[in-house]
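Presented below is the structure to which this report refers.
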Amino acid sequence: MINCQIVNSHGHVDHVSANGQFKEPVYLHEKDFGLCKQHTSSEFRKGSIENAKAYMDYATGQIRNILPNDFDEEANLELGTGNIVPVKEGDVFNLGGITLKIVEVPGHTTGSIDLIYEEENWLYAGDAMGSFLWLFC
Ligand SMILES: [Zn+2]
C-alpha cells in the first residue's frame, strides 16, 4: 500500500484539478481554498475540457482534441476539490527521515507555499519561483 502525502503549492487549476482522484487529504494554504474551489468547479472544468477538445498545435497550426480516448468527461466534472486540509507557515511533514517544512511565499497567489527539505536544505517550489521571478535583497 502506498501512503501518499499530497501538497498543493497553490490553488491554480493545473495544480489542484486532480485532487478529487485521491482519498487522502490534500494540503493547501487556507488562503487558496476559494481559488481551488473556483478552479475545480464543474463550470471551470467544462471550459478546460472544451479548450482541450479544440487544442491549437502551434507547430502545425492544426486544431485537435488532446483528451485521452478513455477520458470520462462526466466523472471529471464531478471531481470537486478533493479533501483539502489547511496548512500554514511552519507546519512540518515528517516522512521517516525526511522533514518538509511549509514556508509561505505569497505573490503568485495569496496562498502560495513552498516546502523546505530541512536535512538537505533544498527548496521545493511551485509557481511562486521561476525564471521570470527576480529577487531583490
Ligand atoms: Zn500557478
### Query
Restricting attention to the range 26-47, does a residue exist that is farther than 18 Å from residue 82 by Cα and at pLDDT 95 or above?
yes
### Message
So in the range 78-92, with the set limited to residues that are part of a loop (DSSP other than H, G, I, E, B) and closer than 21 Å to residue 30 by Cβ, which one is most open to solvent (accessible area, probe 1.4 Å)?
### Response
88
### Task
Please verify whether the range 55-77 includes one or more residues that are away from the ligand (no atom under 16 Å from the Cβ), aromatic (Phe, Trp, Tyr), open to solvent by 40 Å² or more (accessible area, probe 1.4 Å) and assigned to a strand (DSSP E or B).
yes
### Restricting the range 93-108 to residues that are in a strand (DSSP E or B) and more than 16 Å from the ligand (Cβ to nearest atom), the residue that is least open to solvent (accessible area, probe 1.4 Å)
102
### Message
Please pick out the residue among 90, 111, 47, 34 that is in contact (Cβ under 8 Å) with a residue 12 or more places away in the chain and more than 16 Å from the ligand (Cβ to nearest atom).
### Response
90
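The values are calculated or read from the model by the stated rules, or taken from the named source; none is laboratory data. As the structure is a computational prediction, the values presented were derived from the model and not from experiment. Cβ sites come from the backbone with ideal geometry, for glycine too, and all protein chains shown count toward neighbours. When the accessible area is computed, the model is the full protein with side chains, heavy atoms only, and any ligands, DNA or RNA have been set aside. Shrake-Rupley method; radii C 1.70, N 1.55, O 1.52, S 1.80 Å.
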